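**Q** I have a structure here, written as structure tokens, and I will follow up with some questions on it.
The values are calculated or read from the model by the stated rules, or taken from the named source; none is laboratory data. The structure displayed is predicted, hence computed values, not measured ones. Ideal geometry is used to build each Cβ from the backbone, glycine not excepted, and the neighbour counts take in all protein chains shown.
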Amino acid sequence: MNRSAFLKQSALIAAGIGITKSLQAANVTATNKLPKWKGFNLLDFFTPGAIGALTTKEEHFKWMQDWGFDFVRIPIAYPSYLEFDRSRNITPDEVYHISNAAVEKIDTLVAMAHKYNMHVSLNLHRAPGYCINAGFHEPYNLWKDDAAQQAFYFHWNMWAKRYKNVSPAKISFDLVNEPGMREDMNDQHSKVSAVPGEVYRKVAKAAAEAIRKENPQHLVIADGNNVGSTVITEITDLDIAQSCRGYNPGLISHYKAPWANNDPEHMPEPKWPGQVGNQYLSREMLEKFYEPWIALANSGVGVHCGECGCWNKTPHHVFLAWFTDLLDILSASKIGFAIWNFTGDFGVLDSGRTDVAYKDWYGHKLDERFLDVLKKA
């Protein structure tokens, strides 16, 4: 993007913030190009070694539908559908070795979701050369190496070809989870900063073209820069929707989470609202955080919150107070959401929280209070 175009798009976002405040003052409902999808992330193929049976069952989709949800995001680690020698690090050549049997398992999950009228968002949680999580040795860097970028485009073209005849109302493609410029691609706690805007634009544009080569109507979504937190002003002219996150502040959402904190056992006790460490946490800070995202939606770029929720170590009453405010802010601007996850430590089922009075739900432990918050959003 040239400097003139960049300044124009940045001005639109800045103007949008003012428009959003005016709309709020006038009690006018904001607009969003994307539907207000509500649902969950399904983690069947989330890890590089996820090559076994599906953990999401058909009854799970029935419950989602009965409870009023219409969206699932499927974060996928690309090695989960490859054939290669897993006793050693993957080579760049092996990144192209697609396993038809593994891909068909993903097809099965997508088909089940569609049976229950869920919109499916396919996401590369681990793309060739990048993942927000370590634990699998990447042979190159998505943001720096052409070989990684070419592999990235190949994978998206493969998925687009597979679903070329599926309506964009039923499927979308979320390019890469929570982009960041990590100093060491294979070190979980190495420093992460925003991907340079021109680099993100180059990669997103080429990936979208690889997808739309199969079907020009395919819906493409890009996660916010700097680990999903910031609007990507450099791509607002590319007909690519954007995905924010519902994890702010991390002191609440990732309290004592070892993958997100260097010293998880010595984090300050979370409160909402209240003073936590050197910050006062409140609804006002959330409103300020989401202003650019609401402005983006009002400017005509579709926005969805592809991941949100809270790990199970945060006290339940604090989690619900914070999350009610967060969803209220998103909902007012018709921005939908997907909880990470459906069953498990962020979910409405079997979260493992020790301070919840669960309801028995067909052998699962249901967090009814959390589910009520989601149904009302």
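**Q** Show the residue pairs that are 6+ apart or on different chains and have beta-carbon atoms under 7 Å apart, the first residue being within the range 144-159 and farther than 23 Å from Thr108 by Cα, the second being among the polar types (S, T, N, Q).
**A** If the second residue must be among the polar types (S, T, N, Q), the pairs left are Ala148/Asn141.
**Q** Examine the range 151-172 for a residue that is at pLDDT 95 or above, in a strand (DSSP E or B) and within 21 Å of the chain's Cα centre (by Cα), and state whether such a residue exists.
**A** Yes, the range 151-172 contains a residue that is at pLDDT 95 or above, in a strand (DSSP E or B) and within 21 Å of the chain's Cα centre (by Cα).
**Q** May I pose another question? Could you say whether any residue in the range 114-122 is assigned to a helix (DSSP H, G or I) and closer than 29 Å to Leu371 by Cα?
**A** So in the range 114-122, the residues assigned to a helix (DSSP H, G or I) come out as 114-115.
The next check asks that each one be closer than 29 Å to Leu371 by Cα; those that pass are 114-115.
Yes - at least one qualifying residue is present in the range 114-122.
**Q** Quick one: is Ala204 more than 23 Å from Phe46 (Cβ to Cβ), small (Gly, Ala, Ser), modelled with pLDDT of 95 or more and crowded, with 22+ Cβ neighbours inside 10 Å? Talk me through it step by step, then tell me what you get.
**A** Details: more than 23 Å from Phe46 (Cβ to Cβ): no; small (Gly, Ala, Ser): yes; modelled with pLDDT of 95 or more: yes; crowded, with 22+ Cβ neighbours inside 10 Å: yes.
Taking the combined requirement at face value, the residue does not satisfy it.
**Q** Would you confirm whether or not the range 133-146 contains a residue that is in a helix (DSSP H, G or I) and touching a Leu at 6+ places or on another chain (Cβ under 7 Å)? Spell out how you get there, then give the answer.
**A** Restricting attention to the range 133-146, the residues satisfying the condition of being in a helix (DSSP H, G or I) are 146.
If we keep only those that are touching a Leu at 6+ places or on another chain (Cβ under 7 Å) as well, we get none.
No, the range 133-146 contains no residue that is in a helix (DSSP H, G or I) and touching a Leu at 6+ places or on another chain (Cβ under 7 Å).
**Q** How many residues, within the range 186-212, are among the hydrophobic types (A, V, I, L, M, F, W, C), assigned to a loop (DSSP other than H, G, I, E, B) and touching a Phe, Trp or Tyr at 6+ places or on another chain (Cβ under 7 Å)? Please lay out each step first, then the result.
**A** Within the range 186-212, the subset among the hydrophobic types (A, V, I, L, M, F, W, C) is 192, 194-195, 199, 203-204, 206-208, 210-211.
Add one more test, that the residue is assigned to a loop (DSSP other than H, G, I, E, B), and what stays is 194-195.
Still in the running and touching a Phe, Trp or Tyr at 6+ places or on another chain (Cβ under 7 Å): 195.
Result for the range 186-212: 1.
**Q** Tally the residues that are touching a Ser or Thr at 6+ places or on another chain (Cβ under 9 Å) and not charged (D, E, K, R), restricting the search to the range 193-224.
**A** Just the residues of the range 193-224 that are touching a Ser or Thr at 6+ places or on another chain (Cβ under 9 Å), to begin with: 194, 197, 217-224.
Cutting the leftovers down to not charged (D, E, K, R) gives us 194, 197, 217-222, 224.
Matching residues across the range 193-224 total 9.
**Q** Which condition breaks for Tyr200 when tested against (1) touching an Asp or Glu at 6+ places or on another chain (Cβ under 8 Å); (2) more than 18 Å from Asn123 (Cβ to Cβ)?
**A** Result: Tyr200 fails condition (2) only.
**Q** Does Ile294 fit the bill of being modelled with pLDDT of 95 or more, closer than 26 Å to Met267 by Cα and either buried (at least 23 other Cβ atoms within 10 Å of the Cβ) or among the basic types (Lys, Arg) (or both)? Break it down into steps so the answer makes sense when it comes.
**A** Values: modelled with pLDDT of 95 or more: yes; closer than 26 Å to Met267 by Cα: no; either buried (at least 23 other Cβ atoms within 10 Å of the Cβ) or among the basic types (Lys, Arg) (or both): yes.
No: the conditions fail for Ile294.
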